[in-house]
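S.K.: Please find one structure pasted underneath; my questions will follow.
Read-outs: derived from the displayed coordinates by stated rules, not from any lab. Fair warning: this is a prediction, and the values are worked out from it, not measured in the lab. Backbone-built Cβ (ideal geometry, glycine too); neighbour counts: all protein chains shown.
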Amino acid sequence: MEGDCCRSGDPASVGEHCNRFRKQTCRLSARLPRSLDEICMRLLEDRVVIISGAAHPKGIGKATAQLFVEHGARVAVLDLDETSLKESAHDISPDPSKVIALQCDVSSMEQCQRAVSQVMDWSGGRIDVLVNNAAITQKAAFQEITEAEFDRITSVNLRGVFFLSKAVIPAMKAQASGSIVCISSLSAQNGGGIFGGAHYCGAKAGVLGMARAMAKEFGPHGIRVNTIAPGLVTTDFSKTGRSDESKDESAQAWPLRRAGRPYEIANGCLFLASDLSSYVTGTTLDINGGAYMN
Ligand SMILES: NC(=O)c1ccc[n+]([C@@H]2O[C@H](COP(=O)([O-])OP(=O)(O)OC[C@H]3O[C@@H](n4cnc5c(N)ncnc54)[C@H](O)[C@@H]3O)[C@@H](O)[C@H]2O)c1
């Protein structure tokens, strides 16, 4: 689905994106499972989606929630930061039947289970997609990382993925369908260095392995599990206050010569969440401007 529109710096509207996609793929239409109009315009019509870590205005979680709502999904956004989460949810859609905001610390199994049961009440018992996006980072030299810091980072970034995934699996199994997308990182593959220490890299590498184990175990139940490994993206994740321009500068040695934008990771989530990827499971989608090639 990557066409000319994906190469520019601006996000194309869904309609614009689809017109280009339609032109490029019309020759394949006979083999596609549904009509192109249906596939293009509303890839997630009436799907119930949970996205963790969607509070920050410039974050990947919010960009993904916005794109999913444009594609017809009903989205539950979860985050630790309740005030920003409510503002983000209102920006995404003021319609409470489209978007709900639930405070949830993903490092707590109990809170994950409570949030998932609230989503089930809201949705009438369905959960079609989970995007495990919430995470924290810390730049630190290996020998400087304390036991408490190691536990804090792995607790959110690895245990959080385990807890939230575990909480949605019963609903997905009962439906015999579902898609789980886990946001890992380029740091899991190349050892980090930009803003993540060894504890961050280890937790994100753990996500890659755990997602594949889930893909194997739950594939027979119709549940697909995939990961995305973003490179440097222009969000406020590292909390360094660096501008987007300075992040683009850092990326000058990479083939696409710039950092990624949140909507570009959201586009990958859309592919993996929707039926466009119906035969894809256990894979890692690298969205990194060519910074690292597997
Ligand atoms: N920005 C990058 O360059 C980059 C690169 C590689 C991977 N990633 C990954 O992308 C994902 C999104 O990051 P982002 O860049 O949008 O940053 P972000 O800070 O906007 O998003 C992370 C969100 O997680 C939330 N969060 C933190 N701890 C939580 C907890 N315990 N429970 C629930 N929510 C919690 C934060 O409040 C925040 O809203 C993360 O998984 C991150 O590791 C980002």
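S.K.: Distance check, please: which entries in Lys58/Lys139; Lys173/Lys247; Lys204/Lys247; Lys216/Lys247; Lys98/Lys139; Lys62/Lys247 exceed 30 angstrom between their Cα atoms? Before the final figure, lay out each step's value.
M.R.: Details: Lys58/Lys139 20 Å; Lys173/Lys247 41 Å; Lys204/Lys247 21 Å; Lys216/Lys247 37 Å; Lys98/Lys139 37 Å; Lys62/Lys247 20 Å.
Beyond 30 Å between Cα atoms: Lys173/Lys247; Lys216/Lys247; Lys98/Lys139.
S.K.: What does the helix-only formula give at 222 nm for the chain: each DSSP H stretch with n ≥ 4 adding -39500 (n - 2.57), the total divided by the residues, and the result rounded to the nearest 500 deg cm²/dmol? Let's see the in-between values first.
M.R.: Numbers: 11 runs with 123 residues, N = 294.
Computed ellipticity for the chain at 222 nm equals -12500 deg cm²/dmol.
S.K.: Cα centroid distance between region 154-173 and region 242-259, in Å?
M.R.: 33
S.K.: Let me ask you something else. Beta carbons within 10 angstrom, averaged per residue: use that to sort the peptides 245-257, 213-225, 64-76, highest first. The partial results should precede the final answer.
M.R.: Values: 245-257: 13.0, 213-225: 16.8, 64-76: 23.8.
So the peptides 245-257, 213-225, 64-76, ranked by packing, come out 64-76, 213-225, 245-257.
S.K.: Roughly how many Å is it from the Cα centre of region 79-110 to that of region 58-72, as a whole number?
M.R.: Answer, in whole Å: 13.
S.K.: Something else: List residues of region 47-78, by number, whose backbone nitrogen lies under 18 Å from a label position 7 Å along Cα→C-beta of Glu87.
M.R.: Taking a point 7 Å out along Cα→Cβ of Glu87, the residues of region 47-78 whose backbone N falls under 18 Å are 53-66, 77-78.
S.K.: Ok, one more. Top mean-square fluctuation among Gly241, Gly192, Gly209, Gaussian network model of the chain, C-alpha springs under 10 Å?
M.R.: Gly241
S.K.: Another question, if that's okay. Amide H of Val225 versus every other amide H placed in the peptide plane: which residues, excluding those fewer than 5 positions away on the same chain, fall under 5 Å?
M.R.: Ile180, Gly282
S.K.: Still on this structure, I have one more. Once the Cα gyration tensor of the chain is found, what semi-axes does its equivalent ellipsoid get, as square roots of 5 times the eigenvalues, in whole Å, sorted largest first?
M.R.: Values: eigenvalues 147, 115, 69 Å².
Largest first, the chain gives 27, 24, 19 Å.
S.K.: Next question. For the chain, list the DSSP H helices whose alpha carbon atoms reach 20 Å or more along the long axis and whose average Kyte-Doolittle value is -0.5 or above?
M.R.: On the way: long enough: 109-123 (21 Å, -0.53); 160-175 (23 Å, 0.97); 198-218 (29 Å, 0.30).
Within the chain the helices that satisfy the rule are 160-175, 198-218.
S.K.: For region 225-232, just list the computed ³J(HN,Hα) in residue order, Karplus coefficients 6.51, -1.76 and 1.60, θ = phi - 60°, integers in Hz, with x standing in for Gly and Pro.
M.R.: Once θ is set to phi - 60°, the couplings for region 225-232 become 9, 9, 10, 10, 10, x, x, 5 Hz.
S.K.: Something else about it: Among Gly59, Gln252, Gly219, whose Cα projects farthest towards the positive end of the dipole of the chain, with charges put on the beta-carbon of Lys, Arg (+1) and Asp, Glu (-1)?
M.R.: Among Gly59, Gln252, Gly219, the one farthest towards the positive end of the dipole of the chain is Gly219.
S.K.: Could you check which residue among Ile92, Ile50, Ile145 shows the biggest mean-square fluctuation in a GNM of the chain with a 10 Å Cα cutoff?
M.R.: Highest fluctuation of the listed residues: Ile145.
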